[in-house]
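First the structure, in the form of structure tokens, and then the observations on it.
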Amino acid sequence: MKPSLKRSGLNQEKWIFLVVSLLCLVLLVAGFWLGFWVWLTATFILSVYIIWWVVRLVRFYRWFKQDDLRLSPPKVFGLLISPLQRLVKERQQAERIQNNNKELIQQFRTMVEALPYATVLLNKALTIKYLNERAEQMFGLSQSDVGKSLQQVFGQSKVMSLFDHHIFTPEKAAKDGLKMPQPTAPDRLIKTRLIDVNRYRYLLLAHDVSAMEALQKSRKNFMANASHELRTPLTVITGYLEFLQNNSSDSPQVSRAIQQAYEQSQRMAQIIADMLSLSRIEHDSVMATDEEMIDMPLLLNRLFNDVKHSADARQHIFNAQIDSQLLLKGSRSEITGICLNLLHNAVLHTDPGTQIQLRWFLQSGQACLMVKDNGSGIAAKHLPHVTERFYRVAKSAKQKQVSTGLGLAIVKHIGIKHGAELIIDSQRNQGSCFTMKFPVNRTKHKG
């Protein structure tokens, strides 16, 4: 809206006010000589001016209150020109933004509906703002639940644990999520993740992982069964090899062949033992009944000294920093497995003279077990795979023979079972650092 007046609104209002004021003043003075009717005229003029102002303000207020751009703005004069122009401009800008938002929201909904994920958009008060069709099917929701609180809809469902920072950190809730039975089909398994989008919104995502879990279960069962089936014939073979070692001829070639065969049988026995151990850990989704509060300083000092004085570690330099007041709740045998695997790996995969540091400390309420060395390190391309079964980054023939490639896989799965996170930091020629961070609810500090 562009005013056709030459003067600005403020100048217009000044001139009108000045004219009315002077006219009323002249009439008031003239009333002393011309009579009472002159004062009435001045009063009438002043009243008309005030009524004119009130009418303009009421029209402006009614238009402002309706907040509808389709309505034509009122004709204004003077001081109201500038506010009206600004309001019209702001409303036009708001309408453009609203139209753009509508387009973005429509694109978001189209994209979400095309993805194979159940999607629920929440605000920070956990009020449902949007949900797609898959969320209706998977969680048993409906569009009538939009606007309701998530607690009201889900009640005591496991989904609510994703919002408990004592159980799930925001990073873990977004990355690992929670596996749980599908509310509308308990025989199926879904993985639910919570993403903290920004300071206003959460995004709850879920997808069906039943087929993937069935495949993993089949593979785990095969590994377990194969390990059990291999153990018996291997025991027989090892027994005969030991007999031949004790009763072999004096031929060096025969003795060497028997010795190599016996060493390989021992290595295979270790692989089978690790496979059975990993299979047992993976199948035990619930913590064993032998869970206890472990005196970690006592356990770590014992294991540290055992590894330090082992044959393979005599040329390594060891250092330990152990918080004597920090305890951990868990399975003693499995936590022992974590410590020994990390320490043995540090010895096995580094050269003599390497410095190996063991640390047990409290950080942000979490108990942290760290094994660090200044060895040759691990190339970046290997880091995503070092916790996979049978994956080895061994450099020498001896390391390849001794390593089964299952140690870090065992460490990772024991950590998962205890709700812990394994962090690996390593660079070529700068050493490696393996840190297992246990959750707050498993940590106890005497102090």
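As a calculated quantity, the FRET efficiency between Leu57 and Val26 at R0 = 22 Å, using C-beta atoms, amounts to about 0.20. Working from label points 7 Å from Cα in the Cα-to-Cβ sense, the Thr127 to Lys444 distance is 4.3 nm.
Computed as a quarter of the hull surface, the mean projected area of the alpha carbon convex hull for region 9-94 stands at 6.1 nm². Backbone phi angles across region 157-165, fed through the Karplus curve with coefficients 6.51, -1.76 and 1.60 (θ = phi - 60°), yield HN-Hα couplings of 4, 4, 4, 5, 5, 5, 8, 8, 5 Hz in residue order; Gly and Pro are listed as x.
Would you order Trp15, Trp37 from fewest to most other beta-carbon atoms within 10 Å of each residue's own beta-carbon?
Going from least to most buried by this count: Trp37, Trp15.
When the convex hull of its Cα atoms is viewed from all sides, region 112-167 shows a mean projected area of 4.1 nm². Charge dipole (Cα centre; +1 on Lys/Arg Cβ, -1 on Asp/Glu Cβ; no other charges) of region 115-208 amounts to roughly 220 debye. When each of the peptides 186-193, 92-99 is scored by how many other beta carbons lie within 10 Å of its residues on average, the order from highest to lowest is 186-193, 92-99. Placing pseudo-labels 7 Å out from each Cα toward the beta carbon at Trp33 and Ala211 gives an inter-label distance of 10.6 nm. Counting only Cβ charges, +1 for Lys and Arg and -1 for Asp and Glu, the dipole size of region 9-94 around its Cα centre is about 320 debye. Here region 115-208 has an Rg and Dmax of 12.1, 36 Å, counting Cα atoms alone.
Laboratory data are not the source of any read-out in this text; all were calculated from the coordinates shown. Please read all numbers here as calculations on a predicted model, not as lab measurements. Ideal geometry is used to build each Cβ from the backbone, glycine not excepted, and the neighbour counts take in all protein chains shown.
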